[in-house]
Amino acid sequence: MTVPADRESAAARATALRAEIERHNELYYLRDAPEVSDAAYDSLVRELREIEGAWPELVAPDSPTQRVGGDVADLFAPVAHAQRMYSLDNAMDLDELDAWLARVAEALGERPCAYVCELKIDGSSISLTYENGTLTVAATRGDGRTGENVTANVRTIADVPVALAPEALPAGGEPTLFGTPQWPRVDVRGEVYLPLASFERLNEDQVAAGAQPFANPRNAAAGSLRQKDAGVTASRDLATFAYAVAEPRALGLSRQSEVLEWLRRAGFHVNPDVQTCANAPAVHSFCEHALESRDRLPYEIDGVVIKVDSLAQQEELGHTSKAPRWAIAYKFPPEEKTTVLREIRVQVGRTGALTPLAEFDPVTVAGSTIARATLHNQDEIARKDVRVGDTIVVRKAGDVIPEVVGAIESLRPAGAQLWVMPAHCPSCAGEVWRPDGEVVTRCTNAGCPAQRLERLGHWAGRGAMDIDGMGAEIVTRLVESGALADVSDFYALDADTLAALDMGRTKKSGDAVTLGPVVAAKLIAAIDASRTRPMSRVLFGLGMRHVGSTVAEALAGEFGDIDALLSAAGVEPLAAGPGVTQAAALASDPIARVDGVGRVIADSVRAFLGNPENLALVARLRERGVAMAEERSAEARQQTLAGLTFVLTGALTRYTRDQAAIELKAYGAKVASSVSKKTSYVVAGAEAGSKLGKALELGVPVLTEDELVRVLETGEAPAGE
Ligand code: AMP
Ligand code: ZN
């Protein structure tokens, strides 16, 4: 391809190419329906690059060459931050804020100090690198030293400039034909967030598609940024606020207020709600103002960030290992709302536990709408004294889980009754029972339909046998049709039965619908795949009391297969008493002596496996081809991580923490629950808390989820710092 020699034809060709490339981008990313091969597409982009190289004045900031690059392959690759991305210390109330203001004043020897107050945007932080004025890399914060490359995704965010406005750049940086870099590298820091309206819409879509809604806009923003397909990110309506530059001095700036001004000039969105304050009372009133305006803003904020304005004073104050001393995040108290309690509904769990659930008029709290919250048990309701009809105070615990704080007694309607646990199970009408000294009331009917549904769902669920696609709706229909009574029946289903399963009627035409052959075939394959799940999953899936996934893993690790566990369950351990110490009794019990198991759990396992019905169930599972043995490969796995201790914190997206722990242990690693100097690595998921802080304090290396995934996929210890 030759580059046109005259400007006019070059411009015409570039415009045509851009339009064509944009069309293919849309087909590829948004419609998932490419018309040309990757190679042909690349060739179009290459030609446009060549023209733009020869005619630099034809480079438009919105040219696809500035937006799409070969960097999709780099997605999530580690990016070392040239300047560390610090976290912020928190002030949980105004007293802590005052203490910080006093510390700053003291450190500065009572010299005058101005502060810049900014809203603390509740999103996900991002670093944007501009080389020679053009966006080259966008990275997440990660552990502050190393983040993840999310350039391809960030390029889809409409308000992120692909190039800095030239008027913001220092003089002397005029572009020259084929020039080498003339402008300093600029790292801009900011927050990517999801506006509340987009968040609500996204969650509606998630629910409609049968996916989990996001807990809050922050998680949704972080999740949207970490998409494998940039088209998904593009569809999410993300937005940004920029608030810092890594090396402001290089741009001739000397105050935070000037940094914000510069960012605005360079083309970034900068939050308008900023104030320079000369003293503590002014800082206080900004915090009050922020708290008041919180509900009116179209995005979520969780506090105010107060920064020392002068960069010289900032440098004087310096950093701790984790955060700057010259800034603090004043965190709002958890948002509370009032609403009316309409009903207390009782839910039946898999073990028959009855859990009262508060249903109240929907309210928006901390960015999302809530309408129900667990009340845990009868005692909890009595302690809080909430009654149907009450005006109640609700909030989100840790800003995620809805919680009923209490009732406003003065607004209680006359005649509101104290709530009592029903005497009969709401599902089977069977008797309920609350053992002395326990807080939980249970339905004791083994045939209780609600319990059965929960048990079946639990078996098919993620942490257990992970039968992909076997959701609550299908399980319910299968039970109704009589095809499913216990978990062994999953393995007797055939494609025809599933295909013909009655799924009710369509809303529109009222026609009867069946599951159909396509879904049926997928489900059969998923059921088949679950037959070979390791024994730990089977033990967890059976839902014995006290056997969570960690205990299941310990038991499976010790016994290897179900027969070994069954025979251990048949061993009558010594009873402690005259001549037999507790320790000897424990040692004589092959189940109780397993690390992490103990007497109570051993008794529960024995009770379960001693029950003839359960034994028959295990036999049926075996007959129907469920392996119930620990994976051979896990046994044979090389112990490449032996001697290393990991601590997991925060939420992971691709594993549960338990699963990740199981995998790490399979390579010989230890997984501990608290961080110490002996910890080799801390794995920090989303919203990692104090353990991450501890790790940074002790200098323990921190891994991102991606780094963990790499460790688990390769079995290789992470490379050193
Ligand atoms: P935390 O995650 O609680 O340690 O708070 C620190 C984070 O607050 C930073 O990493 C930023 O992502 C975020 N943040 C939000 N708004 C601002 C702001 N105006 N200035 C600095 N950081 C902010
Ligand atoms: Zn029941």
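Expressed as a whole number of Å, what is the distance separating the alpha-carbon centroids of the stretch 542-590 and the stretch 294-342? Centre-to-centre distance over Cα atoms comes out at 51 Å. A simple spin-label model places the labels of residue 566 and residue 7 8.6 nm from each other, with each point 7 Å out along Cα-to-Cβ. Sorting the segments 562-573, 262-273 by their residues' average number of neighbouring beta-carbon atoms within 10 angstrom, most packed first, yields 262-273, 562-573.
Taking a ≥ b ≥ c as the square roots of the eigenvalues of the Cα gyration tensor of the stretch 249-302, is the shape rounded (a/c under 1.5), prolate (a/b larger than b/c) or oblate? Oblate shape, in that a/c is at least 1.5 and b/c is the bigger or equal ratio.
What order do you get for 657-668, 616-627, 464-475 when each peptide is scored by the mean count of other beta carbon atoms within 10 Å, highest first?
In descending order of packing, they fall as 657-668, 464-475, 616-627.
When its C-alpha radius of gyration is set against 2.2 N^0.38 Å (N residues), the stretch 389-492 gives a value of 1.48. On full extension, the segment bounded by residue 617 and residue 400 gains 74.3 nm, given 0.36 nm per residue less the C-alpha separation.
Per-residue Karplus couplings for the stretch 372-386, computed as 6.51 cos²θ - 1.76 cosθ + 1.60 with θ equal to phi - 60°, are listed in order as 8, 8, 6, 10, 6, 6, 4, 4, 5, 5, 5, 5, 7, 6, 10 Hz, Gly and Pro entered as x.
On a 1.4 Å probe surface of the protein chains, which of 214, 286 comes out largest in accessible area, and what is the full order? Walk me through the intermediate numbers first.
Details: 214 50, 286 5 Å².
In descending accessible area the options line up as 214, 286.
Sorting 710-718, 117-125, 640-648 by their mean Cβ neighbour count within 10 Å, with the most densely packed peptide first, gives 117-125, 640-648, 710-718. Rg and Dmax of the chain, based on Cα coordinates, read 30.1, 104 Å.
Computed from backbone phi with θ = phi - 60° and the Karplus coefficients 6.51, -1.76 and 1.60, the 3J(HN,Hα) list for the stretch 333-338 is x, x, 5, 10, 10, 10 Hz; x is used for glycine and proline. Distances between placed amide hydrogens fall under 5 Å for residue 683 paired with 647, 648, 649, 703, all partners being 5 or more residues away or on another chain. Evaluated with a Cβ-only charge set (Lys, Arg +1; Asp, Glu -1), the stretch 411-562 carries a dipole of roughly 560 debye about its Cα centre, given to the nearest 20.
With a ≥ b ≥ c taken as the square roots of the eigenvalues of the C-alpha gyration tensor of the stretch 586-699, please select rounded if a/c is under 1.5 and otherwise prolate if a/b is larger than b/c or oblate if it is not? Taking the square roots of the gyration eigenvalues as a ≥ b ≥ c, the stretch 586-699 is prolate. Applying 0.36 nm per residue to the separation of residue 145 and residue 54 and subtracting their alpha-carbon distance, the gain on full extension is 29.0 nm.
Would you rank 319, 376 by solvent-accessible area, highest first, keeping every protein chain in place and using a 1.4 Å probe? Provide the component values of the computation, followed by the final result.
Numbers: 319 75, 376 100 Å².
Most to least solvent-accessible, the answer reads 376, 319.
Quick check: from the Cα gyration tensor, does the stretch 321-478 come out rounded (a/c under 1.5), prolate or oblate?
Details: a/c = 2.17, a/b = 1.26, b/c = 1.72.
Here the stretch 321-478 falls in the oblate category.
Applying 1/(1 + (r/R0)^6) with R0 = 35 Å to the Cβ-Cβ distance of residue 93 and residue 472, what FRET efficiency is obtained, to the nearest 0.05?
Working: r = 43 Å, r/R0 = 1.22.
Rounded to the nearest 0.05, the efficiency is 0.25.
Considering helices alone, the calculated mean residue ellipticity of the chain at 222 nm is -10500 deg cm²/dmol, with DSSP H runs of length four and up weighted by -39500 (n - 2.57) and normalised per residue. Angle of helix 94-107 to the longest C-alpha principal axis of the chain, folded into 0 to 90 degrees and rounded to 10: 40°.
Please give the FRET efficiency for residue 462 paired with residue 111, using the beta carbon to beta carbon distance and R0 = 41 Å, rounded to the nearest 0.05. Provide the component values of the computation, followed by the final result.
Values: r = 57 Å, r/R0 = 1.40.
So the FRET efficiency works out to roughly 0.10.
If the segment from residue 690 to residue 418 were pulled out straight at 0.36 nm per residue, it would be longer than the present Cα-Cα gap by 94.0 nm.
Given Cα pairs under 8 Å that are at least 6 residues apart, what percent is the relative contact order of the chain? Don't jump to the answer; show the numbers that get you there.
Numbers: 1258 pairs, mean separation 61.0, N = 721.
Dividing the mean separation by the residue count of the chain yields 8 percent.
A Förster radius of 22 Å combined with the Cβ-Cβ distance from residue 15 to residue 131 puts the calculated FRET efficiency at roughly 0.25.
Distance between the modelled labels on residue 292 and residue 411, one decimal in nanometres: 2.2 nm (7 Å Cα→Cβ projection).
The values are calculated or read from the model by the stated rules, or taken from the named source; none is laboratory data. For clarity, every value in this text was computed on a predicted model and none was experimentally measured. Positions of Cβ are generated from backbone atoms using ideal geometry, with glycine treated the same way; all protein chains shown enter the neighbour counts. These accessible areas exclude ligands, DNA and RNA; they are computed on the full protein's heavy atoms, side chains included. Shrake-Rupley method; radii C 1.70, N 1.55, O 1.52, S 1.80 Å.
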